[in-house]
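**Student:** Have a look at this one before I ask anything.
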Amino acid sequence: KLRQSTRFLMASTLRMRTMVDAMLAIQRLDAGTAFLRMAPVDVRDIINKTCADFQPIADLEDHAITVKLPDQLPVIEADAEKVSLILSNLLSNAVKFTPSGGCIEIAARDYLLGVVVSVGDNGVGIDDQDKQRIFERFYQARPDHIAGHGGIGIGLTIVKHLVELHNGQVWVESEIDRGSTFFFTLPRESNKATAGENGH
């Protein structure tokens, strides 16, 4: 009983932190003060840490999180905090849109220009109409059975802006009732390491 209460508290705290981080990020993007603190990073470390942070929420929903990483990935120039925020928002969505007892898989691989990361689930999926709009601010695809989870509809907007700040790309592949996989790329070198970038 105590363990379950602790898990619930940790999950609630994480949800709140993710939401606050998201609101701060969108505020900075709007003000044109979002910038990257670039440093050489190993994406595997960021993935492992973010997934460990999300374990209490996954446990609460009875989800299994699987991490599939190669033994080695190229070291890339990126803002570790922002990459973690990208992953947090994608994981938060995967948990939200996957019915209890689901599977969520995070993977990364080397590609010609850097690293491609994916966050997949076996949840409700996204129809073609929603796929066109999910990266718009405040747009929410809301299947009936997950309506209670709520949200403010800016997570994917932030993901898109932060990936583009890194000169990367983000896209989704999805089938209704089969699940969704979000992909984003992080180039080895980004030339947007200066302050004052607004992501446009």
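Bear in mind these aren't lab numbers, they're just calculated from the coordinates by the rules spelled out. Computed from a prediction, not measured in an experiment: that's the story for all the values here. Quick reminder, even Gly has a Cβ in these numbers, built from the backbone with ideal geometry, and neighbours come from all protein chains shown.
**Student:** Quick check: Cα centre of region 34-107 to Cα centre of region 171-189, how many Å?
**Tutor:** First find each Cα centre; the distance between them is then 13 Å.
**Student:** What nm distance separates the two modelled labels at C103 and E81, each placed 7 Å from Cα along Cα→Cβ?
**Tutor:** Here the answer is 3.7 nm between the modelled labels.
**Student:** Quick one: length gained pulling L9 to Q169 fully straight, 0.36 nm per residue minus the C-alpha distance?
**Tutor:** That pair, L9 and Q169, stretches by 54.1 nm at full extension.
**Student:** On to the next question. Report, in debye and to the nearest 20, how large the dipole of region 31-103 comes out about its Cα centre when Lys and Arg carry +1 and Asp and Glu carry -1 on their Cβ.
**Tutor:** With only Lys, Arg, Asp and Glu charged at Cβ, the dipole is about 160 debye.
**Student:** At M16 and D62, where each label point lies 7 Å from the Cα along Cα→Cβ, what is the point-to-point distance in nanometres?
**Tutor:** Here the answer is 2.7 nm between the modelled labels.
**Student:** Full-extension gain between Y111 and I176, please, as 0.36 nm times their residue separation minus the C-alpha to C-alpha distance.
**Tutor:** 20.6 nm
**Student:** Can you work out ³J(HN,Hα) from phi for every residue in region 70-76, in order, using Karplus 6.51 cos²θ - 1.76 cosθ + 1.60 and θ = phi - 60°, giving whole Hz and x for Gly and Pro?
**Tutor:** Per residue, the Karplus-derived 3J(HN,Hα) values read x, 4, 9, 10, x, 6, 10 Hz.
**Student:** For D45 and R133, what is the calculated FRET efficiency with R₀ set at 45 Å and r taken between the beta-carbons, to the nearest 0.05?
**Tutor:** The value I calculate is 0.85.
**Student:** For V115, enumerate residues with amide H under 5 Å from its amide H, sequence gap 5+ or separate chain, H modeled in the peptide plane.
**Tutor:** Hits under the 5 Å cutoff: L186, R188.
**Student:** While we're here: Going by average Cβ density within 10 Å per residue, which order do the peptides 62-75, 160-173, 122-135 take, highest to lowest?
**Tutor:** 160-173, 122-135, 62-75
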